[in-house]
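Just below is one structure, and these are the notes that go with it.
The values are calculated or read from the model by the stated rules, or taken from the named source; none is laboratory data. As the structure is a computational prediction, the values presented were derived from the model and not from experiment. Glycine also receives a Cβ, built like all others from the backbone with ideal geometry; neighbour counts cover every protein chain displayed. Accessible surface areas use protein heavy atoms only, side chains included; no ligands, DNA or RNA. Shrake-Rupley method; radii C 1.70, N 1.55, O 1.52, S 1.80 Å.
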Amino acid sequence: MQTMGHGNGCQPVHPLLGSGAGVHYGLPGFRTAVTSPAQGDDWFSKFKRWRLAKAVRLIKELEIYRNFAPADRIRQWLIGIQPGIAPLRRRLSQSKDFVLLMPPGWQLTAAQRKRLQRLLARRQARTCAQVVSCDDWLPLASGKRLWRQKGQLDPLLDRVTGEAEGPLWIQRNLLQELGEPPEQLQARPAWRDHLFETVGAEAWAHVALPLAISPPVELPPAQAAQPKGSPLVSVLIPSGGFHKPMHGRSTMLLRHSLTCLLQRSDYRELEIVLIDGGELNAAELEEFENSIGYGLGPGRWRHARSDLPYSYSQRINQAAAAARGEFLLQLNDDTELLEPGAIGSMLAHAQETNIGVVGALLLYPGGRVQHAGVAVDNLAPRHAWVGCWPKRLPPGLLAAARQFQAVTAAVSLCSAELWQQLGGLRDDLPINYGDVDFCLRARQRGHAVVLDPASRWTHFESASRSTAGIPPELTRFRELWSEELGGRWCIDPYVSRWRELMLPKR
């Protein structure tokens, strides 16, 4: 899909939060989330070097083996040899302008502290940043430890989990301006939020290596949030009436999805807006109408038919135009609701100030992750951590709602007001990336896009689907977002922050 220091000969740079950026959640401006390859050295020539190319390729492949010791060691080595933290040829002469802040309760040996300070100072010298943070090890009750990889500071998540807690290499003048961080654990996220707003994303650098060991932290699974009131939610379902083998017999996906929704959801202020292209016959439509009427009450069924060539964007827009709800839930017919509070929890987050789009945690039938947030790297959106087991996702990802640049429309919720403001999905992205484009446009207006891990669904998309083909909409997506996201080699600040090391001035 955002003031530099006095030392190291850097010129002052003002914080950039982008047009309409939401300060409350620390939403980055698009140009400040990434660094353009036009700055400094030629990025592409650096990328061709083997250590960069290998890292890009292998670290992505290693995601499925996250938290396996051999994979962690390979990942740590690949990151450690990148130019962003590799040894400088000149001495660090300005480190006296900075101070190392260690949170209360964090213990380091003298050797660990020396290494930590050396790498943070090295990163600061390369970036001219005012603040430098790092990843850490999170100890478990079993005696093992997890590598906690941290993306860009997310105040929404930090206030719940304290994930951004950790060592900071910070400019003395900045610390004098803001004051020392509070000792009380509950007050520290607000201080970090204020710090982020003050310096901006460009002046906050990061070392994507675990350089300290955190005190033990309990990260229980996220609990479903409770919505305020009972506004009507319109469930927009495009369907072609397809069948798929389930439990040994052919099952209509739409019938299965609706049955699970009606039986399991504890949020009942729903209306179903179904749109098809003539694939469903009159008997099937009558069956669905009767089941919706029986399960939700009269007046909760709406049906629309499209006579145009298939376009997901066009059909969803047509369904939204027929909807009456205050909120709109896009829902693929190949999904199965797993948690009773899934819809209510998404609604509760969407009701919060500055949250625009809410996505859900989607699992393949076998239990592996199909969607846990969308990353936009190299102007090519992808599902982050696809194929991982949930227990091997980044620590804390399932503990609270967190920001992403985009979420999939297979299960996503937003207000009807925001939908109208943005004009729905773009017609020139008929099949792919319309949902990503919608999320990015919402972020442009200062609305956060979040994943709600308490909303869990099964997605029957084929786990073996080939990704070799390039969707034809990718060219159009890149035309639309290249400038805003920072160019062809843009980096997702929430998922791929380690790749900042590969940028010329990073």
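Data overview
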{"quantity": "Number of the exception - Y364 against (1) over 30 Å from G229 (Cβ atoms); (2) crowded, with 22+ Cβ neighbours inside 10 Å; (3) at pLDDT 95 or above", "calculated": "(2)"}
{"quantity": "Residues that are closer than 24 Å to L140 by Cα and either modelled with pLDDT of 95 or more or part of a strand (DSSP E or B) (or both), drawn from the range 369-388", "calculated": "V369, A372"}
{"quantity": "For H194: the one exception among (1) at pLDDT 90 or above; (2) under 24 Å from Q76 (Cα atoms)", "calculated": "(2)"}
{"quantity": "Enumeration of residues in the range 234-250 that are of a type in the set (S, T, Y) and surrounded by 16 or more Cβ atoms within 10 Å (Cβ to Cβ)", "calculated": "S234, S239"}
{"quantity": "Matching residues, the range 361-420, being out of contact with any strand residue (DSSP E or B) (no Cβ under 8 Å at 6 or more places or on another chain) and over 20 Å from L347 (Cβ atoms)", "calculated": "G366, G367, R368, D377, N378, L379, A380, K391, R392"}
{"quantity": "Subset of the range 149-161 (residues that are open to solvent by 30 Å² or more (accessible area, probe 1.4 Å) and part of a loop (DSSP other than H, G, I, E, B))", "calculated": "Q149"}
{"quantity": "Close pairs from the range 112-139: first closer than 18 Å to A164 by Cα, partner part of a helix (DSSP H, G or I) and among the hydrophobic types (A, V, I, L, M, F, W, C), Cβ under 6 Å, at least 6 apart", "calculated": "A129/A203; Q130/L174; Q130/V199; Q130/A203; V131/V199; V132/L120"}
{"quantity": "Among the candidates Q420, Q444, residue that is open to solvent by 10 Å² or more (accessible area, probe 1.4 Å), at pLDDT 95 or above, more than 22 Å from D377 (Cβ to Cβ) and of a type in the set (S, T, N, Q)", "calculated": "Q420"}
{"quantity": "Test: H383 is within 15 Å of the chain's Cα centre (by Cα), closer than 30 Å to K228 by Cα and open to solvent by 20 Å² or more (accessible area, probe 1.4 Å)", "calculated": "no"}
{"quantity": "Wholly within the range 39-148, helices (runs of 4 or more DSSP H) carrying at least 2 residues that are open to solvent by 60 Å² or more (accessible area, probe 1.4 Å) and modelled with pLDDT of 90 or more", "calculated": "69-80, 110-127"}
{"quantity": "Checking V450 against (1) crowded, with 21+ Cβ neighbours inside 10 Å; (2) over 23 Å from S265 (Cα atoms); (3) of a type in the set (A, V, I, L, M), the condition it does not meet", "calculated": "(2)"}
{"quantity": "Hey, R426 out of contact with any Pro (no Cβ under 9 Å at 6 or more places or on another chain), surrounded by fewer than 21 Cβ atoms within 10 Å (Cβ to Cβ), closer than 15 Å to P381 by Cβ and modelled with pLDDT of 95 or more or not", "calculated": "yes"}
{"quantity": "Single residue of the range 198-233 satisfying the filter (surrounded by 15 or more Cβ atoms within 10 Å (Cβ to Cβ) and polar (S, T, N, Q)) that is nearest to L503 (Cα to Cα)", "calculated": "T198"}
{"quantity": "Looking only at the range 162-197, and only at residues there that are over 19 Å from L211 (Cα atoms) and aromatic (F, W, Y), the one that is surrounded by the fewest Cβ atoms within 10 Å (Cβ to Cβ)", "calculated": "W191"}
{"quantity": "All positions within the range 427-458 that are touching a Ser or Thr at 6+ places or on another chain (Cβ under 7 Å), under 22 Å from V233 (Cα atoms) and either of a type outside the set (D, E) or not in a strand (DSSP E or B) (or both)", "calculated": "G434, D435, A454, S455, W457, T458"}
{"quantity": "Number of the condition not met by L308 [criteria: (1) over 22 Å from S345 (Cα atoms); (2) modelled with pLDDT of 95 or more; (3) open to solvent by 80 Å² or more (accessible area, probe 1.4 Å)]", "calculated": "(2)"}
{"quantity": "Single condition A319 does not satisfy, out of (1) in a helix (DSSP H, G or I); (2) open to solvent by 40 Å² or more (accessible area, probe 1.4 Å)", "calculated": "(2)"}
